[in-house]
Amino acid sequence: MISQTAEYALRAVVCLAQNPDKPHTTVEIAKWTKVPEHYLSKVLLALAKHEVVISKKGLHGGYVLAQSPEDLALLDVINAVDPIKHIKSCPLKLKTHGTNLCRLHQRLNESIGMMEELYRTSTVALILSEPTQSIPLCESITR
């Protein structure tokens, strides 16, 4: 339902939320999230451009969240790197359909809307507050 780029962005944001005490480098975040460093660099730049993270320059620089995990919706992270696309016209390019979606594509678009609403109402803090055996996501992060 979301792209690999969006998942990488979510992983990075969750890891930053788990260790907010100082900026973290792309190398550190890539190691913790198992995301290729070169690709993660582009993801972090997009997140910074959309003010999801802040890039701090200098010797002790790196990335930090731009807002608290309680205020950061998953949809904001996803939309910063690869916005969710709705079906607006016939994916089959059938002239008889045009912008009138058949029942199948209407239903698919409705499910996209439902997922989008779930991401809109889910915050990074919510993800961190739901205890599972796999939290923390970033095993290497120590507090």
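Here are some notes:
- The charge dipole of the chain, taken about its Cα centre with unit charges on the Cβ of Lys, Arg, Asp and Glu (plus for the first two, minus for the last two), comes to roughly 600 debye.
- Among the listed values [x] 1.02; [y] 1.14; [z] 1.22, the one computed from these coordinates for Cα Rg over 2.2 N^0.38 Å is [z].
- Considering only Pro83, Ala48, Leu104, the residue lying farthest towards the positive end of the dipole of the chain is Leu104, judged by Cα position with unit charges set on Cβ.
- By the beta-carbon count within 10 Å of each Cβ, the least crowded to most crowded order of Val64, Val81, fewest first, is Val64, Val81.
- Across the chain, the longest piece that holds none of the GluC sites (Glu not before Pro) lying in DSSP loops with up to 16 other C-beta atoms within 10 Å covers 71-138.
- Neighbour-limited loop hits for trypsin sites (Lys or Arg not before Pro), the range 26-75 (at most 11 other Cβ within 10 Å; DSSP other than H, G, I, E, B): Lys34, Lys57
- Summing +1 for each Lys or Arg and -1 for each Asp or Glu among the other residues whose beta-carbon sits under 14 angstrom from that of Asn109 gives +1.
Read the figures in this text as sums done on the coordinates, not as results from a lab. Model, not experiment: these values are computed from the prediction. We place every Cβ from the backbone using ideal geometry, glycine too, and count neighbours over all the protein chains shown.
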